[in-house]
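Worksheet: one structure, shown below.
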2 protein chains.
Amino acid sequence: MANGSSRATTLTDVARLAGVSVATASKALNGRAGVRTETRERVVDVAKRLAFQPNALAKSLLAGRTGTVGLLTSDMEGRFSLPIMMGVEDAFGAARTSVFLCDARGDSIREQHHVDALLSRRVDGLIVVGSRTEPRPSLGRGLPVPVVYVYSPSDHPDDMSLVIDNVAGASLAIQHLVTGGRKRIAHIAGDPGYQATHDRARGAEAALDAAGLSLACGRIHYGSWTEAWGRGATRMLLADEPAVDAIFCGSDQIARGCLEVLRDQGREIPDDVAVIGFDNWEVLTVNARPELTSVDMRLEELGRRAAQRLYEAIDERMTPGVEMLHCQIVQRGSTIPLN
Amino acid sequence: MANGSSRATTLTDVARLAGVSVATASKALNGRAGVRTETRERVVDVAKRLAFQPNALAKSLLAGRTGTVGLLTSDMEGRFSLPIMMGVEDAFGAARTSVFLCDARGDSIREQHHVDALLSRRVDGLIVVGSRTEPRPSLGRGLPVPVVYVYSPSDHPDDMSLVIDNVAGASLAIQHLVTGGRKRIAHIAGDPGYQATHDRARGAEAALDAAGLSLACGRIHYGSWTEAWGRGATRMLLADEPAVDAIFCGSDQIARGCLEVLRDQGREIPDDVAVIGFDNWEVLTVNARPELTSVDMRLEELGRRAAQRLYEAIDERMTPGVEMLHCQIVQRGSTIPLN
DNA sequence: TAGCGATGCGAAACCCTTTTCGATACTTTC
DNA sequence: GAAAGTATCGAAAAGGGTTTCGCATCGCTA
C-alpha cells in the first residue's frame, strides 16, 4: 500500500460508484451547472470516501497550463539565493502553484539541461536566481514561457529582471551614520572583483558628498568578504586615522572582524565608533557584541515580487526591463548613541 | 513568442512535416525498431529543427510514473535543511528526476495541503526534511507513494528514516581531543530543550568514560545555541576549573563565543586550550581565529542517501526503519598542537 | 393531447504520447 | 509464378480528466 501497488482512484471509479457518467461526476466535483443537487452530493460523497484526487497531469494536458514553475538557481549554498527562493516558494505556495527546484551549480551545460527538462514538463514560467549582481547571459528570447531573472539581471534588455539597489542601500547606510551625528566615516569594502562592491562604494561616496562630508582616511579599502579582512582593514584604518567615528563595512562578515579589532583596541561601540554592516545575515548580526546594525536587502520580498511578476507575465502582461528593489536599515546596538 | 502565445510544437507537428504518422515519428525519436534509417533521420532532423520537446505530462500519464518527487521541508531558513536539500537535488538531478520544493513553515495544515498537491501531481515519492532530531509525526501509512524522512525521523517504526548519529559524532569529538593529548576536557552544551543536545552530551560522556577521563568541572553546562552563551559558559568554566585544556562545544556558534572569551583571557589556542565545535558551519568555522575544528554531519551526503533510498523504495525495494549516518571531524587550527 | 422550454444527464471529442497490431509492399524460395 | 517471409509504416487504443453538444424527461400551456 505504501508503494504505489494500488492504482490511485480515478474519476471513473467515482462515477461508477456514484452511478453517474464521468461527465456528470466532473461537473459535480467542479461546481459546474447542470447537475441536480442531490446528484452532486452523492458524487461528492463518494469522492470524499475514496479520497479522490484529480490527476493533475490529465488536467494540465487538457488545460495547457500546469500550475508549475521552474526555479533555476546557480548555487544553493549562496546565502543570497536561499531567502529569494523562500520568497518565491511562499508566493507561489499561496497561489497553488508548485515549484520545481533546479540547481545548475554554476555550470551552463547543466543549466541548459535543466531548462530543457523544465520545458518538457511544461512549466508555466521560469525564475532564474543568481548569486552575484553582475548581469548573466539571457536564457534566450525564443522560449515558450516567460522568464524572470532575480538578483543577477539578464544581459538582454528585453528580459524581465529584478535586482537589489546596492547604490541606494549604501547611501542609506551612510545617511544612517550621518543622522547619528558621525563626521569621520570610513568604508571598508569587500572583494573588488564584485560589481556589488563598487556599487556600494559609489553609493557611500554619493551620500557622503551629499552630506558635505568626505571619506575618513581619504580612500576606500578594498579586500575580500572575510572577517580576516575586516580585522586587517580596521587595524590599518585606526593607524591611519585614529579619530574615525564610524565605519561602513561592505558585508556583515567584514563588520564582525571590524568589531573585534575595535574592541581589542579599546574603542567603545557605538560610543566611540559606530559600525554598520551589509546583508543583515542574522547569525552574524545578532550574535555580535554589540549586535550589529546592517543593511537588509529584503531578499525574501525580492523573491515574492519575482513570483508576482512572473504571474503577470504568464497572463500576458509583460513589463520588460530591470526593476530595482530598495534596501532598508535594520538598526541594532552597533550604531545608536553619540548623544 | 516569449509568453506562451505560440503553442509548443507537438509530435503531430513533427510527423506532419516529416511526412510520416505520429506512431512512426515516436518510434523514430525513441530509437525503437521498425523504422527505416532514412525515415528516422528525416524525423530526427525535423524534430531538431522545430526544437521539439516531448510533452512529459502525456508521457507520464501513460507510463504511470512522472519522474518527479516532492521535497517537503519544515523550514528553509534552517541551516540543516538546506545542505540536505542540495544533496537530494544533486542525486535526483543526475537521475533525470525533477524535485518539487515545498516549505510547510512548521505548520501541519500547510504540510497536509502540500502533500495533497504533490499527490495530485502524481509524484513518485516524497522526502520529508526536518530541522530537529526529535521524531516527527508520520505522514501516515496509507500513502500511494513511498516516503523517506530525513534528519527528523518519523515516529512510526515502519517508515523509512535517515538521521545523523549525534551520539557517535560527539564521541568522535572527544576522541579527537583525547588523541591530541588533552586530559581536562569540558563540554558546553546547547539548548537542553533539544534532543540533539542530550545525544551529544551522552556521546561525550561515553567517550570520556572509555578514555578513563571524567568531565573537567564535573558537569555539563547547558544553555542555548548562541555565541553569547558560549561566552558566558566559558567564563564560568575558566573560573571553576582554570586548568581546563580542551572544550567541546555543542555548536559552532557556541564555540565562536568560547574562542572569543579564551582569547580575551589570554589563553593560547590551541596550545593552552583546544576548542572543537559541532555543525561545521563554514562561515563560522573558517572565519574564526584560529579556524575552528568541528564535527561535520555530512548533511549533503544524508540528502543523497535519502534520494537513493527513495529510488529503491519506488522500485519496490523498501527497507523500513531508522538508518544512521555517522559524522566526521574536520580538523582546523583550534585543536592540533600540544607537542 | 400536442407542443414547448427547461432541466439533467451521457456520449464523444480533445489534450499528447506510446504501444500494439494489422496492413501493405517487397524479397526470397520452391 | 505462387507461397512464404520480412521490412516498413499507419490506425487505433490507452491514460484521466474537461467540455461541448445532443438526447431524454419533466412540467407546463394552449
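The values are calculated or read from the model by the stated rules, or taken from the named source; none is laboratory data. All values reported here derive from a predicted model rather than from experimental measurement. Counting neighbours? That spans all protein chains shown, and the Cβs are built from the backbone with ideal geometry, glycine included. For accessibility, only protein heavy atoms count, side chains too; no ligands or nucleic acids. Shrake-Rupley method; radii C 1.70, N 1.55, O 1.52, S 1.80 Å.
Numerical summary
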{"quantity": "Residue count, region B:13-41 (criterion: part of a helix (DSSP H, G or I) and farther than 16 Å from residue B:53 by Cβ)", "calculated": "10"}
{"quantity": "Which numbered condition residue A:78 misses (of (1) farther than 20 Å from residue B:121 by Cα; (2) assigned to a helix (DSSP H, G or I))", "calculated": "(2)"}
{"quantity": "Given (1) under 25 Å from residue A:194 (Cα atoms); (2) more than 8 Å from every other protein chain (Cβ to nearest Cβ); (3) of a type outside the set (Ser, Thr, Tyr), number of the condition residue A:110 does not satisfy", "calculated": "(2)"}
{"quantity": "Top-ranked residue of region A:128-186 - restricted to ones that are under 24 Å from residue A:105 (Cα atoms) and basic (Lys, Arg), ranked as surrounded by the most Cβ atoms within 10 Å (Cβ to Cβ)", "calculated": "A:136"}
{"quantity": "Residue selected from region B:148-188 under the condition touching a Gly at 6+ places or on another chain (Cβ under 9 Å) and acidic (Asp, Glu), by the criterion nearest to residue B:251 (Cα to Cα)", "calculated": "B:165"}
{"quantity": "Residue within region A:47-68 that is in a loop (DSSP other than H, G, I, E, B), at pLDDT below 90, away from DNA strand C (no atom under 16 Å from the Cβ) and touching a Ser or Thr at 6+ places or on another chain (Cβ under 7 Å) present", "calculated": "no"}
{"quantity": "Test result for residue A:36, crowded, with 17+ Cβ neighbours inside 10 Å, within 14 Å of DNA strand D (Cβ to nearest atom) and more than 29 Å from residue B:99 (Cα to Cα)", "calculated": "no"}
{"quantity": "Identity of the residue in region A:267-278, out of contact with any Gly (no Cβ under 9 Å at 6 or more places or on another chain) and open to solvent by 10 Å² or more (accessible area, probe 1.4 Å), that ends up farthest from residue A:223 (Cα to Cα)", "calculated": "A:271"}
{"quantity": "Candidates A:96, A:42, A:49, filtered to the one that is of a type in the set (D, E, K, R), surrounded by 17 or more Cβ atoms within 10 Å (Cβ to Cβ) and more than 11 Å from DNA strand D (Cβ to nearest atom)", "calculated": "A:42"}
{"quantity": "Within region B:287-339, tally of residues that are surrounded by fewer than 20 Cβ atoms within 10 Å (Cβ to Cβ), within 15 Å of residue B:176 (Cβ to Cβ) and of a type in the set (S, T, N, Q)", "calculated": "2"}
{"quantity": "Any chance residue B:216 is surrounded by fewer than 19 Cβ atoms within 10 Å (Cβ to Cβ), free of Cβ contacts under 8 Å to residues at least 40 places away in the same chain and in the same structural domain as residue B:196 (by TED's automatic domain parsing)", "calculated": "no"}
{"quantity": "Matching residues, region A:11-23, being open to solvent by 40 Å² or more (accessible area, probe 1.4 Å) and at negative phi", "calculated": "A:11, A:12, A:16, A:17, A:21, A:22, A:23"}
{"quantity": "Any helices (runs of 4 or more DSSP H) falling wholly within region B:128-242 and containing at least 2 residues that are closer than 30 Å to residue B:312 by Cβ", "calculated": "B:166-179, B:195-210"}
{"quantity": "Among (1) within 27 Å of residue B:133 (Cα to Cα); (2) touching a His at 6+ places or on another chain (Cβ under 8 Å); (3) surrounded by fewer than 21 Cβ atoms within 10 Å (Cβ to Cβ), the one test that residue B:209 misses", "calculated": "(2)"}
{"quantity": "Residue within region B:73-93 that is more than 8 Å from every other protein chain (Cβ to nearest Cβ), touching a Cys at 6+ places or on another chain (Cβ under 8 Å) and either buried (at least 17 other Cβ atoms within 10 Å of the Cβ) or within 25 Å of residue A:75 (Cα to Cα) (or both) present", "calculated": "yes"}
{"quantity": "Pair list, Cβ < 9 Å and 6+ apart or interchain, from region B:44-62 residues that are in contact (Cβ under 8 Å) with a residue 60 or more places away in the chain to residues that are within 11 Å of DNA strand C (Cβ to nearest atom)", "calculated": "B:60/A:57"}
{"quantity": "Residue match in region A:100-109 (condition: open to solvent by 30 Å² or more (accessible area, probe 1.4 Å), closer than 23 Å to residue A:66 by Cβ, in a loop (DSSP other than H, G, I, E, B) and in contact with a Lys or Arg (Cβ under 9 Å, 6 or more places away or on another chain))", "calculated": "no"}
{"quantity": "Tally of residues being open to solvent by 10 Å² or more (accessible area, probe 1.4 Å) and touching a residue at least 24 places away in the same chain (Cβ under 8 Å) across region A:241-266", "calculated": "8"}
{"quantity": "Close pairs (8 angstrom Cβ cut-off, 6 or more residues apart or separate chains): touching a residue at least 40 places away in the same chain (Cβ under 8 Å) in region A:95-117, in a helix (DSSP H, G or I) anywhere", "calculated": "A:95/A:307; A:95/A:311; A:114/B:93"}
